Amino acid sequence: MRRPSTRDQLLATGLKVLHARGFHATGVQDIAEAADVPKASFYSHFPSKEAFGADVLGRYWERRASHAAAILGDETRPPMDRLRTYFEGKTSPPPDAPFDKGCMIGNFSAELAGSSRLVRDRLATVFAAWGTLLARCIRDAQADGTLRPDLDPDETAAFLIDAFEGAVLRTKVDRDGAALARFRSVVFSLILV
């Protein structure tokens, strides 16, 4: 098996470290040490920590996007089933979950959106792509008559993302999954009906 490139090793390690500790609490030296590479190697592959953070966020989203697309775009299943499966998967943490990491998309939104145009632009791209995946499935549910037609698919998708990210943020405060359970209950009893 081929060993990952130094760049890939830094990104994979950075994803773990930045997700666990946050962007500002993690230095380049921390990332290089965790990746077991010299600090100079970091700057051979990334012009700045900010650019690195944007690339890590991109990698984080790529993994989530492929998972979301596989569920939400599976046209062999009814669209409401796809939406329910997608959100049940995102809101059903394991019983021993520590609830300390949250979602990197929400974390970076809170931590970097005000100070980094590069990360803010990457976040905007992520939110737009995520919204497109959800809105497409919402339209499919409206087209087959299983979801009320008065909902604007794009606005509803954006609201679902906003509410989900807020629920994930709340889990970091409460250290339990109650906010995720509330999100799921409200969404499927009042909105996606």
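The values are calculated or read from the model by the stated rules, or taken from the named source; none is laboratory data. It should be emphasised that the depicted structure is a prediction, and the values quoted were computed from it without experimental measurement. Note that we place each Cβ from the backbone using ideal geometry, even for glycine, and neighbour counts take in every protein chain shown.
Annotations
- Check on Pro98, out of contact with any helix residue (DSSP H, G or I) (no Cβ under 8 Å at 6 or more places or on another chain), in contact (Cβ under 8 Å) with a residue 12 or more places away in the chain and closer than 21 Å to Ala179 by Cβ: yes
- Extreme residue, surrounded by the most Cβ atoms within 10 Å (Cβ to Cβ), among residues of region 106-122 that are touching a residue at least 60 places away in the same chain (Cβ under 8 Å) and touching a Leu at 6+ places or on another chain (Cβ under 7 Å): Phe108
- Selected residue (criterion: surrounded by the most Cβ atoms within 10 Å (Cβ to Cβ)) from residues of region 34-58 that are acidic (Asp, Glu) and at pLDDT 95 or above: Asp55
- Only residues that are over 17 Å from the mean Cα position of the chain (by Cα), closer than 17 Å to Gly106 by Cβ and not β-branched (Val, Ile, Thr) were counted in region 149-175, giving 2.
- So Thr91, is it within 23 Å of Val187 (Cβ to Cβ) and among the β-branched types (Val, Ile, Thr): yes
- Within the set Asp74, Asp96, Asp81, the sole residue that is loosely packed, with under 13 Cβ neighbours inside 10 Å, assigned by TED's automatic domain parsing to the domain that holds Asp140 and acidic (Asp, Glu) turns out to be Asp96.
- Residue count for region 53-98, restricted to those that are part of a helix (DSSP H, G or I), farther than 30 Å from Phe42 by Cα, basic (Lys, Arg) and out of contact with any Leu (no Cβ under 6 Å at 6 or more places or on another chain): 2
- Scanning region 133-176 for residues that are outside any helix (DSSP H, G or I) and touching a Leu at 6+ places or on another chain (Cβ under 8 Å) turns up just one, Leu147.
- Contact map, region 10-25: first residue touching a residue at least 24 places away in the same chain (Cβ under 8 Å) and within 12 Å of Glu111 (Cα to Cα), second residue small (Gly, Ala, Ser) and crowded, with 20+ Cβ neighbours inside 10 Å, Cβ cut-off under 6 Å, separation 6 or more or different chains; pairs are Phe23/Gly53.
- Of the residues making up region 47-84, those that are within 23 Å of Ala129 (Cβ to Cβ) and over 22 Å from the mean Cα position of the chain (by Cα) are Glu75, Thr76, Arg77.
- Phe42 more than 20 Å from the chain's Cα centre (by Cα) and assigned to a helix (DSSP H, G or I): yes
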